[in-house]
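Read through the structure below, which is laid out as structure tokens, and then see the notes.
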Amino acid sequence: MLGIRQKMTLGFGGLLLIILIIGAQSIVRFNQLGQSIDVILRENYRSVIACQQMKEALERIDSGILFTFAGNDREGNDLVRVNRERFAQALQVELDNITVPGEGEKSTVLKDSWVRYEATLARVQDQSVSVAVRQGRYFRELFPLFRQVKATADAILTMNQDNMNLANDRARREAASARRQMYIFLLLGTLISLTFIFFIRKWILRPIDRLIASAEEIRSGNLELTVHTDSQDEIGRLSEAFNAMTAALRESRRVEREKLVRTEQATKEAFNSLPDAVAIVDPEGKVEVSTESARNVFGLKPGIRVQDLSYTPIKQLFYGIVQGDSPQDIERKKELFQRFVSGEERFFQPDAAPINDRRGDLTGVVLTLKDITEKRRVEEMKGGLVSTVSHQLKTPLTSVRMAIHLLLEEKVGPLNEKQAELLMAAREDSDLLEKILTSLMDMSRIESGGLSMACTPVSSRDLVREAAESFHRAAQDGGIDLEVRLADDLPPVCADTEQIGHLFTNLLSNAFRYTAPGGRITISAEAQEETVRFSVADTGTGIPSRFLNRVFEQFFRVPDQERGTGTGLGLAIAKDIVEAHGGTIHVESEEGKGTTFSFTLTKADGTTEEGR
């Protein structure tokens with residue numbers, strides 16, 4: 001059985017052979033035609049031209065003789081002299097180009113006749129005799145020789161022309177023969193090409209078409225087909241490999257389906273056992289899978305569309321993920337909402353996360369509705385407890401601080417050195433405890449809503465400048481450069497001046513605490529689309545990246561940072577103040593290079609402050 005390589009070699013080899021034969025035949029025929037044309041141009045054409053030149057020169061010589069008879073001796077003799085040279089040159093060309101049989105004898109006769117003609121011509125030109133005598137010699141001797149020379153040249157001319165015609169006929173016959181042979185070879189090549197094309201379609205194209213159709217079927221999911229093969233060439237082996245591949249795919253699909261069914265069942269069981277309401281939604285908003293609580297409590301049943309739900313926070317989160325909102329925008333949309341379940345008030349915290357493929361394209365959204373009722377109750381209890389304890393400790397702590405103050409002033413008697421040292425330590429600890437209690441009470445009021453924010457339109461520039469002015473002396477004493485950078489287009493913001501001042505105090509206190517002398521602290525503000533962003537940046541020790549997500553936690557202090565006596569509540573209070581204003585707070589830091597805290601406040605209106 002011939003393989004595709006042998007079949008292709010056979011077909012293309014036949015075409016190559018035809019091309020070589022046609023090429024070789026063309027070269028041979030073209031050489032023959034070239035030789036025939038060369039005979040015409042080289043062997044005969046020169047003799048024809050020479051005979052024509054001789055006849056023309058002979059005519060002009062005869063005309064020159066007649067001019068002398070008419071009395072124009074000078075002009076006639078010049079004409080005779082010039083054309084005698086031309087005749088001699090043409091005669092020599094003819095004598096050197098004898099190519100036709102019999103042409104040599106004719107050329108010898110022509111040469112002899114010319115010699116006699118020249119001798120007679122000299123006698124006719126003899127000026128010593130009278131014109132009448134010369135005329136008699138011309139008609140009796142010269143003119144017959146003139147006719148003889150001219151007739152001989154004509155004969156040679158005719159011989160060469162006849163030979164040219166014969167060569168031309170021969171060239172035509174050879175061209176016609178070559179043309180016929182070309183037609184035959186072209187026809188033969190065409191037949192071989194058509195035959196090869198027919199077998200190519202049978203041997204290669206049809207099997208490949210079957211393979212393509214089979215691949216299309218497999219792509220559409222049909223793995224039950226079998227490619228028919230009736231040859232043992234490469235296409236046949238490819239078809240067998242294709243069938244083996246299809247069989248392997250069938251087996252793999254069977255195994256994967258069984259595994260998928262097991263995984264799906266296990267996933268459903270695990271999904272239903274989740275305590276929170278969870279639903280997986282496709283990018284169009286259609287619920288695909290959901291837990292039992294998501295189905296029963298929120299109606300997130302498979303097939304339901306998020307657009308049809310009545311819960312606005314869920315819809316906002318879903319569309320935020322689909323539209324590619326920033327993490328900050330997504331975070332703002334995670335609003336708590338209330339729902340009565342079996343007659344009991346419950347609170348839920350919505351959340352959403354995208355499901356992306358390997359290319360990063362969105363393929364779905366995971367919606368989570370976490371029941372935070374118990375957490376909320378615990379926080380309320382904790383807040384109440386903190387508030388109660390703080391208030392209860394405030395009064396005795398004030399008495400203790402007053403007593404320590406009186407003792408240090410020696411109002412009740414003198415103190416020795418050791419007693420004074422102990423009282424100084426007690427005063428420092430009581431001051432720290434008073435700060436902690438004040439911070440806890442502030443946090444409790446903010447979180448419970450007891451501390452209302454009196455938000456009014458405030459100049460952004462005034463907020464920054466007042467905060468910087470209050471720390472001007474601390475900057476001078478600590479050898480720190482305090483810099484203020486304000487954009488030209490700052491609008492006013494909605495803010496509680498007292499609370500924002502407290503916020504700036506917390507941020508600047510941290511910055512001064514961890515910035516060494518010679519460092520720089522920069523307070524800046526710039527307008528954004530709907531907010532104004534304020535920043536406090538320092539060149540201090542910085543915060544390790546692993547602790548950045550915890551700096552706003554209550555009582556958290558970065559380990560191994562010994563400077564200062566912070567309570568760990570300042571940043572937590574700052575975060576509560578910003579969020580109570582409807583803004584966001586953010587921290588960026590690089591260890592050893594400094595930290596930047598930034599927060600946003602909402603613009604008061606669309607106007608821009610005048611530069612001050």
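Hey, what's the Cα Rg ratio for region 45-179 versus the globular rule of thumb, 2.2 N^0.38 Å?
Working: Rg = 18.3 Å, N = 135, 2.2 N^0.38 = 14.2 Å.
Rg over 2.2 N^0.38 Å, computed on Cα atoms: 1.29.
Under the Karplus relation 6.51 cos²θ - 1.76 cosθ + 1.60, θ = phi - 60°, what is the ordered set of whole-Hz ³J(HN,Hα) values for region 411-427, x standing for Gly and Pro?
Each residue of region 411-427 in turn: 5, 10, x, x, 10, 7, 4, 5, 5, 5, 5, 5, 5, 5, 5, 5, 5 Hz.
Can you give me the solvent accessible area of Ser128 with a 1.4 Å probe, rounded to the nearest 10 Å²?
Accessible surface of Ser128 is approximately 100 Å².
Starting from the residue with the highest accessible area, list Thr195, Thr246 in decreasing order, probe 1.4 Å.
Working: Thr195 70, Thr246 0 Å².
The residues order as Thr195, Thr246, largest area first.
Counting only protein heavy atoms, what percent of the accessible surface of region 63-165 is carbon or sulfur at a 1.4 Å probe? Show your work: numbers first, answer last.
Details: 2870 of 5500 Å².
Solvent-exposed carbon and sulfur of region 63-165 make up 52 percent of the total.
Among the listed pairs Lys259/Lys301; Lys315/Lys603; Lys301/Lys575, which have their C-alpha atoms separated by more than 29 angstrom in this model?
Check vs 29 Å cut-off fails for Lys301/Lys575.
Can you list the HN-Hα couplings for region 506-514, worked out from phi with the Karplus curve (6.51, -1.76, 1.60; θ = phi - 60°), rounded to whole Hz and with x for Gly and Pro?
Once rounded to whole Hz, the list reads 4, 5, 5, 4, 4, 4, 5, 5, 10.
To the nearest 20 debye, what charge dipole does region 491-561 have about its Cα centre, counting +1 at the Cβ of each Lys and Arg and -1 at the Cβ of each Asp and Glu? List each step's numbers first, then the result.
Values: 6 positive and 8 negative charges, 82 e Å.
It comes to approximately 400 debye.
If contacts are Cα pairs under 8 angstrom and at least 6 residues apart, what is the relative contact order of region 97-154 in percent?
44
I'd like the accessible area for Ile304: 1.4 Å probe, protein heavy atoms, all chains in place, Å² to the nearest 10.
Approximately 60 Å² for this residue.
Apply the Karplus curve 6.51 cos²θ - 1.76 cosθ + 1.60, θ = phi - 60°, to the phi angles in region 67-82 and return the couplings in whole Hz, x for Gly and Pro.
Karplus values, whole Hz, x for Gly and Pro: 4, 5, 5, 8, x, 8, 5, 4, 5, x, 5, 4, 5, 5, 5, 4.
Which residues' amide hydrogens lie under 5 Å from the amide hydrogen of Gly519, considering only partners 5 or more residues apart or on another chain, with H built in the peptide plane?
Asp481
Can you tell me how much longer the chain between Val133 and Asp477 gets when fully stretched, taken as 0.36 nm per residue apart minus their C-alpha distance, in nm with one decimal? Walk me through the numbers before you get to the answer.
Working: separation 344, 0.36 × 344 = 123.84 nm, distance 15.32 nm.
Extending this stretch completely gives an extra 108.5 nm.
Ranked highest first by the average count of other Cβ atoms within 10 Å around their residues, in what order do 458-470, 179-191 fall?
458-470, 179-191
The values are calculated or read from the model by the stated rules, or taken from the named source; none is laboratory data. The model shown is predicted, which means the values in this text are computed figures rather than measured ones. Cβ coordinates were reconstructed from backbone atoms using ideal geometry, including for glycine residues, and neighbour counts include every protein chain displayed. These area figures cover heavy atoms from the full protein model, side chains too; ligands, DNA and RNA do not enter into them. Shrake-Rupley method; radii C 1.70, N 1.55, O 1.52, S 1.80 Å.
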